[in-house]
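Novice: Take a look at this one; I'll ask things after.
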Amino acid sequence: MTATAELRVGLCGLGTVGQSLVELLAVNAAAIERQAGRPIRLVQVASRTPKPGVDLQGATFSTDTQQLIGSSEVDVVVELIGGEGLALDLSRATLACGKSLVTGNKALLALHGEELFALARQNKAGIGFEAAVAGGIPLINALVSGLGGNQIGWVAGIINGTCNYILTAMTEDGAAFDAVLATAQELGYAEADPTFDVGGIDAAHKIAIIARLVFGVPINFADVPVAGIEMVSAEDIEYARQLGYRIKHLGVAAGERDAVGNLIAVDVRAHAALVPQDRLLAGVGGVTNAAMVQDNAVGLSVYSGPGAGGRPTAAAVVADLIRVAQGTLPTVPAAIPSEVTGQSVALKALEDTEAAFYMRIPVLDKPGVLAEISHLLSEQGISIESLIQREQAVRDAQVPIVVLTQAVAQSALNRALATIAASPDVVGDIVHLRVESLL
Ligand code: HSE
């Protein structure tokens, strides 16, 4: 192919993002060609479900993805099917025949990234996945290219638009969880299975990809601690506000280094957390995503924008297609062993991490309960930073005791939670959430 020949795209999947990609490649064709140095043309579309109402802008349609991958008319394959089964098969087949792959599939990369990155390297094919993480924000490019030479300390981000949309509506409008989720689904933000969003799995997929890129170590997804937002109630949002915090769902990836800067462990997790109200991430609302990065050269930097939805995510696919057309799509280097041990760098167990915690403990409204709780905490060496106790019972002679602890190991907190839960004065489930100071 000559440098000026067009790049011919085959698209697999015609959902929200796929349809937006078809549209964007047509609407922005001139800008795309100028940037890429040659035209980028959609030539074939394959989808299991025909969508006769969609204008394919001249591309041919089939239900046969295998045929599309093998076609001599297709130079690069865009995978927007999602999930693992068919998407994994066609991603393998694309890279194996030396064609570049552009995908928005975070589950695929979090679970099979190591295999696909290796296949891409072996076959000298590109693999682009800007669309897989934080939708329209060019976060992958910022991490591997813009900040690529820096020693990353940590990345923390609001990386699930659906969770942020729900938490924002609960915080600002007092909206009910189910109603807001339904709207997020209608707007095309949520995954096909929305429990992936509200259960934290989608954010965990994304932070696992980020951790793999910035720390260069393989991440076994099954070992990544994951929690969602199902346990967050309007009550917790209000108590957090009184304590000076917002509740956000975060993905966090932090490197632990020895005195000379060698990476010795990686802490990767996704969960709801209390963020101090004066941090930039606390003010990020709606479907907007934002990531903070701390590194040893730039210091703190923040990236923010729409993290879900058709056009923003399709724009990330277009950015990768431009890099394929230019021949500038970076390869993902092989995972590194630890500089210290020569072994794979360990993923830190949640038990071994430390944080301050928010706890809401429903107790019987009777004298001595507060003293008992503070005794059970102090038995585990946990100091109380702040405390809220309602004076009036909220229901059935119950009152919540809300505690903000000082920094403590998760293992000590777990022991305290077990003893507190066993108290006859505790009359319901205890909610506990981490505090992320983002400093
Ligand atoms: N379901 C995802 C979200 C879509 O809500 O952020 C973008 O990955």
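Novice: Could you name every one of the strands (runs of 3 or more DSSP E) located completely within segment 267-378 that has at least 3 residues being surrounded by fewer than 22 Cβ atoms within 10 Å (Cβ to Cβ) and more than 18 Å from the chain's Cα centre (by Cα)?
Specialist: Strands (runs of 3 or more DSSP E) meeting the threshold: 354-364.
Novice: Every residue in segment 31-48 that is modelled with pLDDT under 95 and touching a strand residue (DSSP E or B) at 6+ places or on another chain (Cβ under 8 Å), please.
Specialist: Passing the criteria: none in range.
Novice: For the list (1) crowded, with 22+ Cβ neighbours inside 10 Å; (2) outside any loop (DSSP other than H, G, I, E, B); (3) within 10 Å of the ligand (Cβ to nearest atom), I need the number of the one condition that GLY135 fails.
Specialist: (2)
Novice: Sort out which residues of segment 96-132 are among the acidic types (Asp, Glu) and within 16 Å of the ligand (Cβ to nearest atom), and write them in order of number.
Specialist: The one that is among the acidic types (Asp, Glu) and within 16 Å of the ligand (Cβ to nearest atom): GLU130.
Novice: Scan segment 141-187 for residues that are of a type in the set (S, T, N, Q) and within 16 Å of the ligand (Cβ to nearest atom) and report the count.
Specialist: 6
Novice: LYS99 fails exactly one of the following numbered conditions: (1) surrounded by fewer than 19 Cβ atoms within 10 Å (Cβ to Cβ); (2) free of Cβ contacts under 8 Å to residues at least 60 places away in the same chain. What is the number of that condition?
Specialist: Going through (1) surrounded by fewer than 19 Cβ atoms within 10 Å (Cβ to Cβ); (2) free of Cβ contacts under 8 Å to residues at least 60 places away in the same chain one by one, LYS99 breaks only (1).
Novice: Quick one: is ALA93 under 17 Å from CYS12 (Cβ atoms), within 16 Å of the ligand (Cβ to nearest atom), in contact with a helix residue (DSSP H, G or I) (Cβ under 7 Å, 6 or more places away or on another chain) and not in a loop (DSSP other than H, G, I, E, B)?
Specialist: No: the conditions fail for ALA93.
Novice: Would you confirm whether any residue within segment 169-180 is among the aliphatic types (A, V, I, L, M) and either touching a Pro at 6+ places or on another chain (Cβ under 8 Å) or surrounded by 22 or more Cβ atoms within 10 Å (Cβ to Cβ) (or both)?
Specialist: no
Let's see how each residue does on (1) within 12 Å of the ligand (Cβ to nearest atom); (2) in the same structural domain as LEU116 (by TED's automatic domain parsing); (3) at pLDDT 95 or above:
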site	(1), (2), (3)
VAL198	yes, no, yes
TYR245	no, no, yes
GLU256	no, no, no
ARG269	no, no, yes
LEU281	no, no, yes
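Novice: Taking segment 298-339 only, how many residues are at positive phi and away from the ligand (no atom under 14 Å from the Cβ)?
Specialist: Selection size over segment 298-339: 2.
The values are calculated or read from the model by the stated rules, or taken from the named source; none is laboratory data. On a predicted model such as this, the values are computed, not experimentally measured, just so you know. Here Cβ is always computed from backbone atoms with ideal geometry, including for glycine, and neighbour counts include all displayed protein chains.
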